[in-house]
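Engineer: Quick one: this structure, given as C-alpha cells, is what I'll be asking you about.
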Amino acid sequence: MSQFLSNCSVGSLVTAAQALREGSLVAFPTETVYGLGADATNPMAIARIYEVKGRPSDHPLIVHVADLKYLEQWISDIPEYAIALTRNFWPGPMTLILKRSDLANDFITGGQNTVGIRIPDNSLALGLLEAFHHLGGAGIAAPSANRFGQVSPTTAEAVQEELGNYLSDTDLVLDGGPSVVGVESTIIDCTGQLPKILRPGAITIEMIEEVSGLKVSDSTEKNPDDFKQEDIRVSGSLENHYAPQAKVFLDQQPVDGSGFIALESVNTPDGVVRLAAPKSVEEFARILYSALREGDHQGLDTIYIVQPTGKGLAIAIRDRLSRSAKGR
Ligand code: TXA
Ligand code: MG
C-alpha cells in the first residue's frame, strides 16, 4: 500500500522528488488526468510502471519536464512549427512526439526513434518536477495512473482505487484535487513536415493550425477499423480502451436501470440513473471519467451516453467514448 499525501507542501514535494530519485513511483495530478511517475532514466523504476499498470512493455511513455530548458537533452531535432507550439501551449495539455536523443532510452520509447514530451499545467506537478530537476533528475515518465485499458483517474482517490493494491509502501500518491481538463493531452507527431494529431485533446486542430500556420492531419479521424492494431504504438488508440466495468452505449435509447450521461440540455429519460448533466463541453470532459467510475460504484451494468456534437474538445470526448463503447 502506498502513502497518500494531501495538502502537499514544498517539503512533501521534495520528499516525493527524492522518492522518485531513489526509484519509487509517485502518482501526481496534472491538468489532464493523474499520472503514475517514475524517473525517466531509471530502467528498474520504469519496469515497475509497466508492472503496476499491467501494460505491455512496447508502449512508449511520455516524459514530463518543468521547463523548455529541459527539453533539449531528450530530443535530437525539433522543427520550427513544433517550437511555435511549445511557446504557445506549454505548460498545457499537449504532448509532442519528436526525434529522440540517446537519453531517451528504448525502455521509454518502446524501441521507437521518437520520444513523447510534455510540460503539464498544474502547480503540484510543476513543483514536483522542479524539485526533481533540482536533485539532478532529467524528466519524469508518467502514463495515466490506471490499470491498462481502464478509465484514466482524475482524482487521487481514483488513483488509489485503480492502483492501491499494486503500489508498494515506498510509493506515493499526491492529492491535488480533481484534474481540470479531464481528458488526456493532445498528442502531436512533429517528426514530419506537417503536424499530425495522434490523440485528440484540449489543444484542438484549429489551435494548432492557427499557431503553426500549417494544415494539420488528424489520423484519429480515420475509421479505427482502418488501422491494424500492431501498426500503432499509441496505446490510447487501441480500440478497447478507457472502458469502465459497465457496458457503454452511445446515442441509443436507454433501457430502465441504466446510467445516463448527457449535456444538461438533454432531458433525463424515465427509469435511468442520471450520472452527470454537464453544462458545457468543457465540463463534459472534466467530469466524464468520474461519472463513468460513479456508474461502476453504483454497480450499474450499462451506461448510456449522448455524445456532444461539434468540433474542438467534443472530438476528444467522442474519441474516448467510441473506445469505451468497444468494451473490454
Ligand atoms: O495527459 C496525458 O498525456 C497523461 C498525463 C499523465 O500526462 N498521460 C498519458 O499517458 O495519457 P499514457 O501513457 O496513458 O498515454 C500516452 C500515449 C500512449 O498511448 C503512448 O503509446 C503514446 O502516448 N506515446 C508516448 N510516446 C510516444 C511516441 N514516442 N510515439 C507515439 N506514441 C507515443
Ligand atoms: Mg493512458
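Condition check ((1) touching a His at 6+ places or on another chain (Cβ under 8 Å); (2) part of a helix (DSSP H, G or I); (3) open to solvent by 60 Å² or more (accessible area, probe 1.4 Å); (4) touching a residue at least 24 places away in the same chain (Cβ under 8 Å)) across all residues:
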residue: 4; (1), (2), (3), (4): no, no, yes, yes
residue: 31; (1), (2), (3), (4): no, no, no, yes
residue: 97; (1), (2), (3), (4): no, no, no, yes
residue: 108; (1), (2), (3), (4): no, yes, no, yes
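Engineer: Only one of 70, 81, 50 is in contact (Cβ under 8 Å) with a residue 12 or more places away in the chain, surrounded by 15 or more Cβ atoms within 10 Å (Cβ to Cβ) and either within 12 Å of ligand 1 (Cβ to nearest atom) or closer than 27 Å to residue 22 by Cα (or both); which?
Structural biologist: On inspection, the qualifying residue turns out to be 70.
Engineer: Shifting gears a bit: May I ask you to say which residue of 191, 154 is within 22 Å of residue 114 (Cα to Cα) and modelled with pLDDT of 95 or more?
Structural biologist: Exactly one residue qualifies, and that residue is 191.
Engineer: Just give me the residues in the stretch 175-192 being hydroxyl-bearing (Ser, Thr, Tyr) and near ligand 1 (Cβ under 8 Å from one of its atoms), in sequence order.
Structural biologist: 185, the sole residue that qualifies.
Engineer: When you go through (1) out of contact with any helix residue (DSSP H, G or I) (no Cβ under 8 Å at 6 or more places or on another chain); (2) crowded, with 19+ Cβ neighbours inside 10 Å one by one for residue 168, which number turns out not to apply?
Structural biologist: Here residue 168 clears every test but (2).
Engineer: Are there strands (runs of 3 or more DSSP E) fully within the stretch 135-221 with at least 3 residues that are out of contact with any Phe, Trp or Tyr (no Cβ under 8 Å at 6 or more places or on another chain) and within 15 Å of ligand 2 (Cβ to nearest atom)? List them.
Structural biologist: In the stretch 135-221, no matching strands (runs of 3 or more DSSP E) lie anywhere.
Engineer: Could you tell me which of the residues 314, 243, 325 is at pLDDT below 95, among the hydrophobic types (A, V, I, L, M, F, W, C) and away from ligand 1 (no atom under 16 Å from the Cβ)?
Structural biologist: Sole residue among the options that is at pLDDT below 95, among the hydrophobic types (A, V, I, L, M, F, W, C) and away from ligand 1 (no atom under 16 Å from the Cβ): 325.
Engineer: Would it be correct to say that residue 56 is in contact (Cβ under 8 Å) with a residue 60 or more places away in the chain, within 16 Å of ligand 2 (Cβ to nearest atom) and surrounded by fewer than 21 Cβ atoms within 10 Å (Cβ to Cβ)?
Structural biologist: The answer is yes for residue 56.
The values are calculated or read from the model by the stated rules, or taken from the named source; none is laboratory data. All values derive from a computational prediction rather than experimental measurement. Glycine also receives a Cβ, built like all others from the backbone with ideal geometry; neighbour counts cover every protein chain displayed. With ligands, DNA and RNA removed, areas are computed over all heavy atoms of the protein, side chains included. Shrake-Rupley method; radii C 1.70, N 1.55, O 1.52, S 1.80 Å.
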